[in-house]
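K.L.:
Please find one structure pasted underneath; my questions will follow.
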Amino acid sequence: MSGEPARDARFDGGRGRWVGASVPRREDPRLLSGRGRFVDDVHLTGMLHAGFVRATVAHAHLTGVDLEATRAVPGVVAAFDAADLDLGDVVALLDRPPEEFTPTTMPVLARDKIRFVGEPVAVVVARDPYAVEDGIEATVVSTDPLPAVVSEQTALAADAPAVHDEAPGNVLLDVTMFDTPGVDEAFAAAAADGIVVDLVTHSARQNALPLETRGVVAAWDDHDDQLHVQICTQVPHQVRTVIAHSMRVPERTVRVTVPDMGGGFGQKCVVGREEIAVAALARRLDAPVKWIEDRREALTAGFLAREQRYRSRAAFDTDGHITALDVDIACDMGAYSCYPFTAGIEPLMAAAEMPSVYRVPAYRVRARALTTNKAPSAPYRGVSRPQYVLAIERVMEHAARLLDLDPVEIRRRNVITEFPWTGINAVTYDPGSYLESLELAETIMRDEGWTALRERALGEGRFVGIGYCCFSERTGYGSEAFAKRKMQVVPGFDISEIRMDTTGAVVVTSGTMNHGQSHETTLAQIVAEKLGIDIAQVKLRQGDTERIAYGWGTFASRSATIGGSAVSLAAGRLGELLCRIAAHLLETRPENVALDGEGGVVQLDDPTQRISFADIADVAYLRAHLLPKEVEPTLSATASFDVPGDGTFSNATHAAVVELDPGTGRVEFLRYACVEDCGVVIHPQVVEGQARGGIAQGIAGALYEQVTYADNGEPSAASFIDYLVPTATEVPDISVDHLETPCATTENGAKGAGEGGTIGAPATVLNAVNDALRHTGVELDDTPVHPQTVLAALDDAATSREEATA
Amino acid sequence: MKPATFRYHRAHDVADAIGMLGELDAAGEDPKLVAGGQSLVPMMNFRLARPSVLIDLGPLRRFPAMTGIGHDDDGALTLGALTTHRVVETSRAELGPGFGVICRAMRWVGHLPIRSRGTVGGSLVHGDATAEWCLLAVLLDAVIIAEGPDSTREIPAAEMFHGFYATAVGPDEVVVAIRFTRPSPRAALTEFARRHGDFALVDTAVSLEGDPARSNGSGPHLAGGRVVLGGIAPTPVRVPEAEEVLAGGVPGPALFADAAAAAAEAIDPPEDPAATARYRRRLTRTLVTRALTEAWGHGDDR
Amino acid sequence: MTSERQLVVLAVNGTEHELLLEPRQILSDVLRHELGLTGTHVGCEHGVCGACTVLVDGEPVRSCLVFAVQAEDAEVRTVESLGEGAELTDLQQAFRAHHGLQCGFCTAGFLMLAEGFLLQEPDAGRDEVREAVSANLCRCTGYQNIVDAVADTAARRRGSPGSSTQEAAP
């Protein structure tokens, strides 16, 4: 691609000053001084407040909603049920045949049927949030209860009640993929001469849990003839599309903007029903309306994730090489399919990428999305990868034990080392440092003395284990990769527009959507580097459907890869334009100038001849008669970027040392090391922060967080007393080492860095716990690991030891 | 999540609070006292508690007796009911050598912001079976001093806790102080929760008394010990079976393990989604052992 | 039935405000929506996450667990009181230097927690800081950089900068 103008070195002002430096974050001053603007900070004159009457039963026919008493509550302005609001349903589709995918719809308010505890049934609008709660309390909802579907067993039972009439078997997606030749033969061979591993892994339902709950403020603007929806979402354009569709109005009449956002982690990359209702209310009542989800709603009725079961069978030869993998995956997606990803998001991701970083010669997978009477699922940081990595890493550990191989050694024998590698799953992996990361992690464990401690510990009556996890993560899914998944709405590209003002400062847009990842800093670094200007001269604009032509927002670790490439390309084009004008003004050939890295253009054969961007801008806008004939006034450029092929893979190895408390079963971390490779690092501190924060969420999944449901569909966790979010005393310090395999297909060589930590941590922790339990014969394959399970394993082993010596 | 509506009164003094309780009760209202509010307000935000009137004891903080730390001539320690956990945590010297366990126990009470606001009296009246103050009250033979419309009652800790969040304090009474009558230099409180600062799954408070008469060349002996458990019954409970093991025994790992085993054997803990009965029993054994070991180690603190 | 409003005088960041409030209005809501001090955030309304932490008479307190009427005799300090104008305090600067915030939603709560804690415990070491910091929830950072920022501030205030993450050793 070096021939393309945007990559011409002359239009690249970079001198390595910005990219790669941990510059102070530009968003920090306002966030540190209480001057950020989050959605609940928005106050509009005459603003009303909305809240939702929610189902208290999991599965029922909805027979009546009585809002008479509600409307009589002091302060209540209005109350509506589904029939009153009459909004179009949310529909997310896949282009797959009916035997693979069953379309279902999600009404904005429950209409005839209730499908989970917490489902919105009616909406109450009042003058303040306190009166809203009074109104909700006064509402009488009548139901005719049905048996609840709360597990894979109850969903797939022969006489199971149907959550959706369209899906009588409670299966929304059922795909069998790959089924490459030789699977059965490999298992037969391994049974005769080799080993077969057969195990089931479970992961619990989790909440992505952004600390800022969901929320929205909507107001009609007569001047703009437009509904202005301020919302904390990762996907503003998709929210606009669904609101317009549901309200049956042109998209032009809806503007979605996103203020500061307090995290999302995937939960906010789907379109929620509450925000659609609030948008409709603002139009209907002709008043600004705000809804802020409270924590009880966020825990019970927000989008959840991660409840998956894998049965993994793997064949190995006697040398520890995997020869076949046969997997059955069931993902409990809850009551509804999410827009735009559908209920297929988790099983399709898992099925496509389960072979992970290993050379698997034969592969078969069946993956299903089940629908149950639980809060619906959305993508959550890592999306299935924490689960399939857990499954395949447990496969490796089980095989290592059976073959009496060191856990690092069995990985070394199987890990992909030649790139690009096209796997059995028809995915092409671009270059990474899989083996290098594994070996560096092993070296850290050995050189710091942890390996020796592990050997010593048992003799001292201590239970210390080391766990590894080696994995890669597809980041920057382009349109091609999403199209392979057969989504009817195909995300992928990003568009950026850059404009320089008369002073030489630039505003650059991105269709990505920051919610903690530091885009204001990192994307500005890329632009500053490209144009050779100070970062203070660059302002990023995101999250406004009026300012950004189109965008897919931020998810799937796409911002630095795709969004970063788009801003880089746009900046490069602006640089080219600046050079053309400068050459004209310097009265030299265009080939004889280049960006000088100091905010100007220099004449190559006579460096004393230079012209600053401000002087060029002065001409471009204020003295346009001096412009070359072929150049139009204004300094702006637009570029789009899409990742070709299968995207780019970041990779990492994690290693953790844990010690088990033989009196309580508590898992204590002695050490946690992360060796990661996300290509060219734009901002080391930010990458390390993403890794540490991601690992903390992975530890949460490994040891603490879980939403369970009673047989009647009642969720267990309605408060932070029951939903155990780890604090500073549960999350250890984590070292982060960087390897750098630059990405060949992104503009800056960067790969995604947002999700990796969360992906690797559950398997790392579970493997470490199992290693510490190795003397007990117990193998734990489910997360979260409860201390009582650990203690029972230790106690039972101690008892049998006593019996043996007695 | 917003509290239901209520009316609010600030109490001027204890008599005022008692008077309002009586009047409102007679008028068919459902009044509730609030001190630090660290247990009550979350329940009100969830509308799990919805008093019609809230009587704020906060203004009573200006009376030194309500927040004071004092000692009687007989060695008892008296804490004003409105003393915050944080004040107790930072008043090691004022608590005196017999009550160091109270100071040390405070780090288990929630987190700093909760400790800064929550009060001794509030915690006892709330009556959570795992609350550190409830265990300490039983361990140290506390007397809860409750003023009523006609008289002041002294409620021994042994008679304070009636069941799940139920105490002996009457609806027209105000707890003004707590007197801990049994100094215990060798005492400890420890607990287990999955996260630091959470309500304990199981917690225990223990004390040991050396027997000077029998502590001779053969080493020390115990005159007795006390073992209090939380989280295994609707109220904090003493475990006589464990205390019997301790009485007259030779302090050390073997004795402590035996006492802990006796405690674990004696109880009938509940089974719920948070923990199995087996696990609570097992935690009891561990925690009692650790608490006894720590308590004995505090012998030189005085 | 809404309850009667009553006149409440609140002293916040050195300024007295006369407000007509329902008794049930919690302090966090009043700070944010009556006084416009939106730097204090609300994350759970049941006293666990700590995003709403403010100083009441110098002590860190969950403002979601205090009714505004209860705060009448107290001096309340919010994140808006830190620093002068655009100038960040040493604590705020340390959060920035150590990347102790990502989305920034929990940050005000951590700052006020740390401010109150360091006033009371200026000699705190990294372990004590970690325990204090465990009072609040952060979903982005994994806490390490927050602990570093607070410990570093404590050390600098004692005149001995440079305390940062310690590598574990077996």
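The values are calculated or read from the model by the stated rules, or taken from the named source; none is laboratory data. Just so it is clear, the model here is predicted, and its values are computed rather than measured. Quick reminder, even Gly has a Cβ in these numbers, built from the backbone with ideal geometry, and neighbours come from all protein chains shown. Quick note on the areas: whole protein, heavy atoms, side chains included, nothing else; ligands and nucleic acids left out. Shrake-Rupley method; radii C 1.70, N 1.55, O 1.52, S 1.80 Å.
K.L.:
Please name all residue pairs, on different chains or six or more residues apart, with Cβ atoms under 7 Å, provided the first residue is in the range A:52-64 and is within 10 Å of A:Asn712 (Cβ to Cβ) and the second residue is among the hydroxyl-bearing types (Ser, Thr, Tyr).
P.N.:
Close Cβ pairs (under 7 Å, with a partner that is among the hydroxyl-bearing types (Ser, Thr, Tyr)) amount to A:Val57/A:Thr143.
K.L.:
For the range A:618-669, name all the residues that are within 14 Å of another protein chain (Cβ to nearest Cβ) and open to solvent by less than 10 Å² (accessible area, probe 1.4 Å).
P.N.:
Residues satisfying the conditions are A:His654, A:Ala655, A:Ala656, A:Val657, A:Val658, A:Leu660, A:Gly663, A:Thr664, A:Gly665.
Condition check ((1) open to solvent by 10 Å² or more (accessible area, probe 1.4 Å); (2) over 23 Å from the mean Cα position of the chain (by Cα); (3) modelled with pLDDT under 95; (4) away from chain C (no Cβ under 11 Å)) across all residues:
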| residue | (1), (2), (3), (4) |
| --- | --- |
| A:Val687 | yes, no, no, no |
| A:Ala710 | yes, yes, no, yes |
| A:Thr729 | yes, yes, no, no |
| A:Asp737 | yes, no, no, yes |
| A:Glu740 | yes, no, no, yes |
| A:Ala753 | yes, no, yes, yes |
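One line per residue, one yes/no per condition, for (1) surrounded by fewer than 22 Cβ atoms within 10 Å (Cβ to Cβ); (2) assigned to a loop (DSSP other than H, G, I, E, B); (3) more than 9 Å from every other protein chain (Cβ to nearest Cβ); (4) over 17 Å from the mean Cα position of the chain (by Cα):
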{"site": "C:Glu4", "(1), (2), (3), (4)": "yes, yes, no, yes"}
{"site": "C:Leu7", "(1), (2), (3), (4)": "yes, no, yes, yes"}
{"site": "C:Leu19", "(1), (2), (3), (4)": "yes, no, yes, yes"}
{"site": "C:Pro23", "(1), (2), (3), (4)": "no, yes, no, yes"}
{"site": "C:Val30", "(1), (2), (3), (4)": "no, no, yes, no"}
{"site": "C:Thr40", "(1), (2), (3), (4)": "no, yes, no, no"}
{"site": "C:Gly43", "(1), (2), (3), (4)": "no, yes, no, no"}
{"site": "C:Ala51", "(1), (2), (3), (4)": "no, yes, no, no"}
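K.L.:
Out of B:Gly118, B:Gly127, report the one residue that is under 24 Å from B:Pro59 (Cα atoms), more than 12 Å from the chain's Cα centre (by Cα) and touching a residue at least 24 places away in the same chain (Cβ under 8 Å).
P.N.:
Selected residue: B:Gly118, the only one of B:Gly118, B:Gly127 that is under 24 Å from B:Pro59 (Cα atoms), more than 12 Å from the chain's Cα centre (by Cα) and touching a residue at least 24 places away in the same chain (Cβ under 8 Å).
K.L.:
Just checking, which of A:Glu676, A:Glu632 is without any contact (Cβ under 8 Å) to a residue 12 or more places away in the chain and either under 26 Å from A:Thr509 (Cα atoms) or under 20 Å from the mean Cα position of the chain (by Cα) (or both)?
P.N.:
A:Glu632
K.L.:
In the range B:17-119, which helices (runs of 4 or more DSSP H) lie fully inside it and hold 1 or more residues that are more than 10 Å from chain C (Cβ to nearest Cβ), over 30 Å from C:Leu118 (Cβ atoms) and among the basic types (Lys, Arg)?
P.N.:
none
K.L.:
Moving to a separate point now. Given the condition without any contact (Cβ under 8 Å) to a residue 24 or more places away in the chain, crowded, with 19+ Cβ neighbours inside 10 Å and either within 14 Å of the chain's Cα centre (by Cα) or more than 9 Å from chain A (Cβ to nearest Cβ) (or both), answer yes or no: does some residue in the range C:113-131 qualify?
P.N.:
no
K.L.:
Is it fair to say B:Pro234 is in a loop (DSSP other than H, G, I, E, B), open to solvent by 20 Å² or more (accessible area, probe 1.4 Å), in the same structural domain as B:Gly100 (by TED's automatic domain parsing) and not acidic (Asp, Glu)?
P.N.:
Spelling it out, it is not the case that B:Pro234 is in a loop (DSSP other than H, G, I, E, B), open to solvent by 20 Å² or more (accessible area, probe 1.4 Å), in the same structural domain as B:Gly100 (by TED's automatic domain parsing) and not acidic (Asp, Glu).
K.L.:
To continue, here is another question. If you take the residues of the range A:549-589 that are surrounded by fewer than 24 Cβ atoms within 10 Å (Cβ to Cβ) and modelled with pLDDT under 95, which of them is nearest to A:Asp430 (Cα to Cα)?
P.N.:
If we take residues in the range A:549-589 being surrounded by fewer than 24 Cβ atoms within 10 Å (Cβ to Cβ) and modelled with pLDDT under 95, then A:Tyr550 is nearest to A:Asp430 (Cα to Cα).
K.L.:
Going through the range A:742-751 one residue at a time, which ones are open to solvent by 10 Å² or more (accessible area, probe 1.4 Å) and either over 12 Å from A:Val681 (Cα atoms) or within 14 Å of chain C (Cβ to nearest Cβ) (or both)?
P.N.:
Hits for the range A:742-751 are A:Ala744, A:Thr745, A:Glu747.
K.L.:
Do we have any residue at all in the range A:289-310 that's hydroxyl-bearing (Ser, Thr, Tyr), out of contact with any Leu (no Cβ under 8 Å at 6 or more places or on another chain), at pLDDT 95 or above and under 30 Å from A:His228 (Cα atoms)?
P.N.:
Checked against the condition, which is being hydroxyl-bearing (Ser, Thr, Tyr), out of contact with any Leu (no Cβ under 8 Å at 6 or more places or on another chain), at pLDDT 95 or above and under 30 Å from A:His228 (Cα atoms), the range A:289-310 yields at least one hit.
K.L.:
May I pose another question? Determine which member of the set C:Phe110, C:Phe105 is in contact with a Phe, Trp or Tyr (Cβ under 7 Å, 6 or more places away or on another chain), aromatic (Phe, Trp, Tyr) and either more than 8 Å from chain A (Cβ to nearest Cβ) or in contact (Cβ under 8 Å) with a residue 60 or more places away in the chain (or both).
P.N.:
C:Phe105
K.L.:
Identify the single condition in (1) assigned to a loop (DSSP other than H, G, I, E, B); (2) aliphatic (A, V, I, L, M); (3) in contact (Cβ under 8 Å) with a residue 24 or more places away in the chain that A:Val229 does not satisfy, given that it satisfies every other one.
P.N.:
That leaves (1) as the condition not met.
K.L.:
A follow-up question, please. Could you tell me whether any residue of the range A:451-464 is open to solvent by less than 20 Å² (accessible area, probe 1.4 Å) and of a type outside the set (A, V, I, L, M)?
P.N.:
No; the residues of the range A:451-464 include none that is open to solvent by less than 20 Å² (accessible area, probe 1.4 Å) and of a type outside the set (A, V, I, L, M).
K.L.:
Out of all the residues in the range A:517-551, which are under 23 Å from A:Gly757 (Cα atoms), in contact with a strand residue (DSSP E or B) (Cβ under 8 Å, 6 or more places away or on another chain) and either of a type in the set (Phe, Trp, Tyr) or within 14 Å of another protein chain (Cβ to nearest Cβ) (or both)?
P.N.:
A:His519, A:Glu520
K.L.:
Let me ask another. Can we say C:Gly58 is touching a residue at least 12 places away in the same chain (Cβ under 8 Å), on the phi > 0 side of the Ramachandran plot, within 12 Å of chain A (Cβ to nearest Cβ) and among the small types (Gly, Ala, Ser)?
P.N.:
no
K.L.:
Going residue by residue through the range A:440-460, is there one that turns out to be at pLDDT 95 or above and under 28 Å from the mean Cα position of the chain (by Cα)?
P.N.:
yes
K.L.:
Taking the options A:Ile721, A:Ile682, name whichever one is closer than 30 Å to A:Leu578 by Cβ and either over 20 Å from the mean Cα position of the chain (by Cα) or among the β-branched types (Val, Ile, Thr) (or both).
P.N.:
One residue alone meets the criteria, A:Ile682.
K.L.:
Moving on. Out of curiosity, is A:Leu435 out of contact with any Asp or Glu (no Cβ under 9 Å at 6 or more places or on another chain), open to solvent by 10 Å² or more (accessible area, probe 1.4 Å) and not in a loop (DSSP other than H, G, I, E, B)?
P.N.:
yes
K.L.:
Between C:Ala132, C:Ala155, C:Ala149, which is farther than 20 Å from A:Gln517 by Cβ, small (Gly, Ala, Ser) and in contact with a Gly (Cβ under 7 Å, 6 or more places away or on another chain)?
P.N.:
Exactly one residue qualifies, and that residue is C:Ala155.
K.L.:
Could you please find all residues in the range A:670-685 being under 28 Å from A:Pro784 (Cα atoms), open to solvent by 10 Å² or more (accessible area, probe 1.4 Å) and more than 9 Å from every other protein chain (Cβ to nearest Cβ)?
P.N.:
A:Glu676
K.L.:
Which residue is most open to solvent (accessible area, probe 1.4 Å), if the candidates are limited to the range C:61-83 and must be within 13 Å of chain A (Cβ to nearest Cβ) and either at pLDDT below 95 or in a loop (DSSP other than H, G, I, E, B) (or both)?
P.N.:
Ranking the candidates gives C:Gly83 first.
K.L.:
Additional query: Quick check: is even one residue across the range A:396-416 touching a Leu at 6+ places or on another chain (Cβ under 9 Å) and part of a loop (DSSP other than H, G, I, E, B)?
P.N.:
Within the range A:396-416, one or more residues are touching a Leu at 6+ places or on another chain (Cβ under 9 Å) and part of a loop (DSSP other than H, G, I, E, B).
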